[in-house]
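The next block holds one structure in the form of structure tokens; read it before the comments.
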Amino acid sequence: MITVLAFIVTLGVLIVIHEYGHYRVAVACGVKVLRFSVGFGKVIWRRQATPDSTEFVLSALPLGGYVRMLDEREGPVAPGELSMAFNRKPLWQRTAVVAAGPVANLLLAVLLYAAAHWIGVDEPKARFGAPVAASLAERAGLRAGDWVRAYSLDGAQWQDVRSMTDLRWEVTQAVLQGQRLHLMISDGQGRGQRAAVLDLDTLGAKDIDAKLMRSIGLGAPYSGDTAVLARVMPGGAGAKAGLRDGDVVRSIDGAPVSDSEQLRNIIRESAGRAAQTPMLWQVEREGRMLDLSVQPSVVTEGDKQIGRIEVALGKPPEMVTVQYGPWEGFSHAVSRTWEVSTLTLRMLGRMLIGEASLKNLSGPLTIADYAGQSVRLGLAYYLGFLAVVSVGLGVLNLLPLPVLDGGHLMYYLFEAVTGQPPSDAWLERLQRGGVAIMLMMTSLALYNDVARLLGLH
């Protein structure tokens with residue numbers, strides 16, 4: 001129920017702000033607005049102060065909205081109202097009205113990010129768990145417990161890293177830009193700083209997902225110097241092997257285990273063991289050392305088989321409070337909105353030319369899932385999630401597709417260059433093509449959503 005409500009609120013806020021941008025600028029330009037609708041289809045609520053004023057409606061299908069303006073192309077206009085028709089307005093005013101919706105979403109994102117920064121969030125400290133064998137982090141000399149203090153793209157200008165979330169964001173951007181990432185590392189107490197380099201430019205990755213992060217060496221944050229079993233699920237492979245809550249895993253097949261992230265990786269990779277031979281675990285229980293034979297079960301995750309023993313691993317990672325002052329929070333909000341916008345455009349461009357997988361395209365089911373998760377984490381997380389979706393909506397609507405705001409802006413650019421608008425015949429062809437493209441994108445996004453829910457991606 002929380003997920004459904006969060007999804008409805010998310011859609012409602014973003015649609016209202018987008019359409020209000022169109023509406024507010026249209027009114028400012030002297031355009032008569034006939035209807036402001038949230039949703040499509042059957043009207044379930046309406047309000048209109050006078051017969052000549054704007055009709056505000058709520059419709060049954062809340063997956064969008066629209067602002068209907070007086071326009072001679074859509075119906076007859078009384079001679080006394082011709083000056084208020086949208087099509088009679090100067091080119092710059094029509095452009096401003098159309099651009100106002102996406103711009104409103106981007107401005108909303110800035111405010112939401114700023115509010116989230118001012119409230120502050122508790123995030124995992126930027127400390128590495130044990131890097132996966134042969135990962136970029138291991139090759140760079142990173143060890144379990146290393147604390148990332150700063151990053152740089154050129155090794156000269158450094159920026160602070162406040163949390164693991166910050167680090168993941170910078171890694172993601174560096175991967176998409178095909179750049180190396182320089183890190184300034186210390187131990188957990190901030191002593192003994194040294195530099196390390198992640199050769200992210202060698203990846204050529206198409207999917208930004210958990211699998212990629214593991215290949216880089218960014219798994220779960222460091223959660224202590226011991227691999228503790230927080231909870232052993234009844235009936236699972238761990239319980240059958242005799243493991244108990246609170247057991248500390250010291251070694252597996254004679255190799256020391258330093259932390260929970262290393263243990264998690266060993267369990268996952270156990271599916272590739274020859275003939276699925278049991279592993280010899282040495283665990284510490286109430287001061288005694290025990291040897292147990294553990295046989296992980298094998299499950300399919302996406303296109304890969306992994307090992308699983310049905311236990312919850314480790315203690316919660318060390319957390320830090322990330323909070324900004326008034327001006328710093330606002331400036332970071334502007335920067336993050338710009339970064340997410342450019343990241344979204346780069347990702348769409350990479351998908352278009354085949355350099356990124358189409359699996360990265362998400363739809364309403366994924367948005368609903370993330371909305372529910374962010375609400376459960378707290379207000380600041382939900383505001384940050386709203387900001388991300390608002391940026392996505394703004395950028396998407398600026399794409400030069402005929403059915404989107406960006407398509408209309410392309411028409412106006414053509415008119416500005418040639419001195420006349422595109423012909424009706426061309427507009428009809430472009431509209432049909434735009435609808436077809438949007439239907440394909442929507443279908444692919446829904447397919448990806450369902451595939452993720454079924455564990456196929």
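A few notes on this one:
- Applying the criteria of a DSSP loop state and at most 12 other Cβ atoms within 10 Å to the trypsin sites (Lys or Arg not before Pro) of the range 53-115 yields Arg73.
- Label-zone membership for the range 235-267, site Glu286, 7 angstrom Cα→C-beta point, backbone N under 19 Å: 239-250
- Measuring nothing but how far apart in sequence close Cα pairs (under 8 Å, 6+ apart) lie, relative to its length, the range 30-88 scores a relative contact order of 39 percent.
- For the range 227-319, the relative contact order works out to 38 percent when only alpha carbon pairs closer than 8 Å and six or more residues apart are counted.
- FRET efficiency, 1/(1 + (r/R0)^6) with R0 25 Å, evaluated for Glu301 and Phe40 via beta carbons: 0.10
- Proximal lysine pairs, the chain, alpha carbons under 25 Å, eight or more residues apart or interchain: 12
- If the chain linking Ala134 and Asp187 were pulled fully straight, counting 0.36 nm for each residue of separation and taking away their Cα-Cα distance, it would gain 16.9 nm.
- Highest to lowest packing among 188-197, 175-184, 107-116, 291-300, scored as the average C-beta count within 10 Å: 107-116, 175-184, 291-300, 188-197
- With N as its number of residues, the chain has a Cα radius of gyration that, divided by 2.2 N^0.38 Å, comes to 1.19.
- Relative packing of peptides 413-420, 30-37, 99-106 - highest average C-beta neighbours within 10 Å first: 99-106, 30-37, 413-420
- With R₀ set to 35 Å, the beta-carbon distance separating Thr165 from Ala436 gives a calculated FRET efficiency near 0.35.
- Ranked by how many other beta carbons lie within 10 Å on average, peptides 379-390, 242-253 from highest: 379-390, 242-253
- When the Cα gyration tensor is reduced to axis lengths a ≥ b ≥ c, the ratio a/c is 1.5 or higher for the range 148-240, and with a/b not above b/c it is classed as oblate.
- Among the trypsin sites (Lys or Arg not before Pro) in the range 377-453, none sits in a DSSP loop with a Cβ that has at most 11 other Cβ atoms within 10 Å.
- Structural descriptor for the chain: relative contact order 17 percent, calculated from alpha carbon pairs under 8 angstrom and at least 6 residues apart.
- Dimensionless Rg/Rh of the range 30-88 - Kirkwood Rh, Rg from C-alpha atoms: 1.02
- Rg/Rg_ref, the range 151-199, where Rg_ref = 2.2 N^0.38 Å and atoms are Cα: 1.12
None of the figures in this text is laboratory data; all of them are computed from the coordinates on show. Computed from a predicted model, the values in this text were never measured in an experiment. Don't worry about glycine lacking a Cβ; one is built from the backbone with ideal geometry, like all the others, and counts go over all protein chains shown.
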